[in-house]
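Each remark here refers to the structure printed beneath this line.
Only the coordinates and a few stated rules stand behind these numbers; no lab work does. From a predicted model like this one, the values you see are computed outputs, not experimental measurements. With ideal geometry, Cβ positions are generated from the backbone for all residues, glycine too; neighbour counts draw on all protein chains shown.
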Amino acid sequence: MSEDDRLRFPATERNRGPILAVLERVLPSRGTVLETASGSGEHAMFFARALPSLTFQPSDPDPTHVASIDAWRRSEGLANVRAALQLDVHTRPWPIDHADAIFCANMIHIAPWSACLALLEGAGACLREGAPFVLYGPFREGGVHTAPSNESFDRSLQARDPRWGVRDLDEVVALARTHGLVHDETVRMPANNLTAIFRRSP
């Protein structure tokens, strides 16, 4: 692997600042943050540089993404970013059994509904009481799209794969509760996205 393995996703650069503002407020001051579906790895590097007291554990099921994450890690030389894990949320056990926080961006709408179920189940098992689970992306609310652009995006996703689509936040909240993850707040983000913050219940 070399630095040439680094992928660059334009959306990551656009949304990382507003996401960081939320993470600075809700993440613990110290501990390990598991990022699922890390993609290129750009988010993990940006957040790790801004939050040096935290250790970031990136992960992704795609070997190409894992290679990109590790290439970024070598290039950036950040001591608080661990080598990427190849983690498919469906596979048990996860290759990490505990985290002090979990962050996931832009995953559940470009994956089958079973991936959302598996993510929430795994997060509930991995987190301890009070630990945050932070979920970012486009959502419907009360069965309704939050913007015409999200409705168009939803149609395009389902045209690519009928198992994909913008999820309803109410359904996600209800499902999360069954895995001990209680919805704490929803933060409205740029580009009609939301950040839903959950806490692990006792």
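Over the chain, calculate the relative contact order: mean separation of alpha carbon pairs under 8 Å at least 6 apart, over the residue count, as a percent.
Here the relative contact order equals 19 percent.
Taking amide hydrogens as modeled 1.01 Å from N in the peptide plane, which residues meet the under 5 Å criterion relative to Leu87, leaving out close sequence neighbours?
Correct list: Asp60.
Under 4 °C and 1.567 mPa s, how fast does the chain diffuse according to Stokes-Einstein, given a Kirkwood radius computed over C-alpha pairs? Answer in µm²/s, whole number.
For the chosen part, D equals 76 µm²/s.
Quick check on the chain: helices-only [θ] at 222 nm, where DSSP H runs of length 4 and up contribute -39,500 (n - 2.57) each and the sum goes over total residues. Nearest 500, please.
One gets -12000 deg cm²/dmol as the mean residue ellipticity at 222 nm.
Pull out the extension gain between Thr91 and Arg163, defined as 0.36 nm times the separation in residues minus the alpha carbon to alpha carbon distance; nm, one decimal.
24.0 nm
Using modelled backbone amide H atoms (1.01 Å from N, in-plane), which distant-in-sequence or interchain residues come within less than 5 Å of Leu181's amide H?
Excluding prolines and chain starts, which carry no amide H, the hits are Ser201.
Given region 85-202, what percent of its DSSP beta bridges are antiparallel, to the nearest 5?
70 percent
How big is region 79-177 by the Kirkwood estimate over distinct Cα pairs, in Å? Could you put the intermediate results ahead of the total?
Working: mean 1/r = 0.0681 Å⁻¹.
For region 79-177, inverting the mean 1/r across all distinct Cα pairs yields 14.7 Å.
Hey, rough spin-label estimate for Ala50 and Arg128, points 7 angstrom out along Cα→Cβ, what's it come to in nanometres?
2.6 nm
Could you identify which residue out of Val172, Val81, Val187 has the top mean-square fluctuation in a GNM of the chain using Cα springs shorter than 10 Å?
Val187
Using 0.36 nm per residue, how much length does the chain from Ser152 to His98 gain when fully extended, once their Cα-Cα distance is taken away?
The span from Ser152 to His98 would gain 15.7 nm if fully extended.
Taking every DSSP beta bridge that has both residues in the chain, what percent is antiparallel when rounded to the nearest 5?
45 percent
How many nm is it between the label spots at Asp4 and Ala79, if each spot is 7 Å from the Cα in line with the beta carbon?
According to this spin-label approximation, the distance is 3.2 nm.
Mind telling me which of His43, His183, His145 comes out most flexible in a GNM of the chain, alpha-carbon contacts under 10 Å?
Maximum among the listed residues: His145.
Computed FRET efficiency, Cβ-Cβ of Glu141 and Glu13, R0 22 Å: what is it to the nearest 0.05?
0.25
I need the P(r) histogram for region 13-90: all alpha carbon pairs, bin width 10 Å from 0 out to the longest distance, whole percents.
21, 53, 25, 0
Where in the chain are the DSSP H helices whose C-alpha atoms run 15 Å or more along the long axis and whose mean Kyte hydropathy is at least 0.5?
Span-like helices, by this rule, are 113-126.
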